[in-house]
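Report on the following structure.
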Amino acid sequence: MFTSKSHDHGADIIGKPPKGDEHVVVQCKHTGSSSIGVKGIDDLVRACDFYKTSKGILATNTKLSRVAKERLKELENQYGIKVWNYSALVKIGLNLKAVSKSRKEPREYQQEAIDAVLSTFNESINRALVVFATGLGKSIILAEVCAEFAENRELPVLVLADKLPLIEQLEASIWPQVGASVQTRLWDGLRKPRDFDGVTVASQLSVLSAINNGLELPKFGAVLVDECHHAAAPTYRQTLTSLDTDYLLGVTATPWRGDEQRVSDVFGDPVATMGIVEGIYKGFLSDVDYTMFLDNIDWNLVQKNTESKLTMKDLNARLFLPSRDEDMCKQVIEVWNDIERPPVITFCRSIDHANRLAELFTSMGLPSRAIHSRDMSQAEKALNLIQFKNGDYANLIGVDILNEGVDVPDVGMIVFARVTHSRRIFVQQLGRGLRVTDEKDKVNVLDFVADIKRAAEGIRLNNESEAMEKKTEIYRGDGAKIVKFNYRSETRFVEEYLADIADLEESDQVHLNFLPGS
């Protein structure tokens, strides 16, 4: 995990060793001087204290000064600090194997997608699109295509992403898949590549800025775009059309957009797809115990209206009654206790709501921490994530920051706390709990619905599940339902009133017509 260049509290990288070991902070010090002074040691100690660990590594291109060595000696009973100087780093580099121990063999369905992409390119089609649900390993597909071009064909590759934390995660997932001879590098507002050999992982805005400033870029063997639903935006398209490349690949879990622009216009029709329901049925994603709570609907409004002229936005405001957070937290904690207290991610509608719920959950017995973008440095986010991974608290609460671009560990329970947002964000958030692990057989989802489109999405998932059951010999239980609705006796609201809008995605201006005679 990388921290920011500024306000990083003395750490550039945070490493998480195997389960049970302390995490390690790494401070990188490059200098033109003949030695590193005591400040280098003190910066590393400060980082250890902030990130609550006793283990640290000082990586430097030179040696320690006499005073720094004395300072290190004073701290040896309190901290486990190692120094990697130039000689040590060279030795580590020389001992690296041609292929990383962390290299992952693609699963069968991932290899099929990789083969489909390369086959498409070999047929002189210069673009391809892969749509895989979150948790199915899109980064492996990107990494293997990188390896094909950068390692086998010895052509430079450019990988684009929308957010800074995402490019760091991408590089970390790509370098184990390519040979040790292939360079990987980051390109953002603070880090600019000296050359473009191998694989360059860049933020789209940094590339666009460089192009607009007249930077001459090489011809890339391939340009790959992660979370490529962003690429249909005008500025992103400008970046792609300005690049010289033979092949263009986009991968995403969520190809839907709210502006009616189509991702397929940029990347073509998908050459490989697998959604949440198919991933669950085939065992590549965790099974789901999903409950939608619709007991805060104003059923009187449903009964009194026939053909409503209200928009979706107006209906949401009138249809869903305000609910007490205390009641919701109580229901969550009851389920959490019943299923042996797994790690939880809770999604909220606002930063203020996240902070309030963190205090409320903690006071009621579920230790919680909020993570958000406002007034929270990258270092503080990293600390919260590390402590969550270590089990220091059980419930990580966020707003949209946990959708993409943040490395969230796998969890056994997801809570949607009255959130109202698009299908794309919903699918991203749900995917945070669907990765298969040895520690769980399913993920529990509690969705406290506050949006008509969310209930419609539940119908969509169930319809997909029923269609999938007809194609397979796998039996999922009562009616092959993925989503259970927890609501009062007015079942027609879900089963009939929402049936005609089950394919709604983004628009708040669509009218919901209640059935005459209701």
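The values are calculated or read from the model by the stated rules, or taken from the named source; none is laboratory data. Just so we're clear, the structure is a prediction, and the values are computed from it rather than from any experiment. Note that each Cβ is placed from the backbone with ideal geometry, even for glycine, and that neighbours are counted across all protein chains shown.
Quick look at the values:
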{"item": "Residue check, Ser124 assigned by TED's automatic domain parsing to the domain that holds Gly198, in a helix (DSSP H, G or I) and of a type outside the set (A, V, I, L, M, F, W, C)", "result": "no"}
{"item": "Strands (runs of 3 or more DSSP E) (entirely within the stretch 379-487) containing at least 2 residues that are at pLDDT below 80 and out of contact with any Lys or Arg (no Cβ under 8 Å at 6 or more places or on another chain)", "result": "none"}
{"item": "Residue in the stretch 331-340 that is part of a loop (DSSP other than H, G, I, E, B) and modelled with pLDDT of 90 or more present", "result": "yes"}
{"item": "Verdict on Pro165 being modelled with pLDDT of 95 or more and buried (at least 16 other Cβ atoms within 10 Å of the Cβ)", "result": "no"}
{"item": "Test: residue in the stretch 89-104 that is part of a loop (DSSP other than H, G, I, E, B), within 22 Å of Ser173 (Cβ to Cβ) and hydroxyl-bearing (Ser, Thr, Tyr)", "result": "yes"}
{"item": "Leu136, sole failed condition from (1) crowded, with 18+ Cβ neighbours inside 10 Å; (2) in a helix (DSSP H, G or I)", "result": "(2)"}
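Here is a yes/no grid of residues against (1) at pLDDT 95 or above; (2) assigned to a loop (DSSP other than H, G, I, E, B); (3) loosely packed, with under 14 Cβ neighbours inside 10 Å:
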{"residue": "Ser206", "(1), (2), (3)": "no, no, no"}
{"residue": "Ile211", "(1), (2), (3)": "no, no, no"}
{"residue": "Leu217", "(1), (2), (3)": "no, yes, no"}
{"residue": "Ala222", "(1), (2), (3)": "yes, no, no"}
{"residue": "Val225", "(1), (2), (3)": "yes, no, no"}
{"residue": "Thr235", "(1), (2), (3)": "no, no, yes"}
{"residue": "Leu248", "(1), (2), (3)": "yes, no, no"}
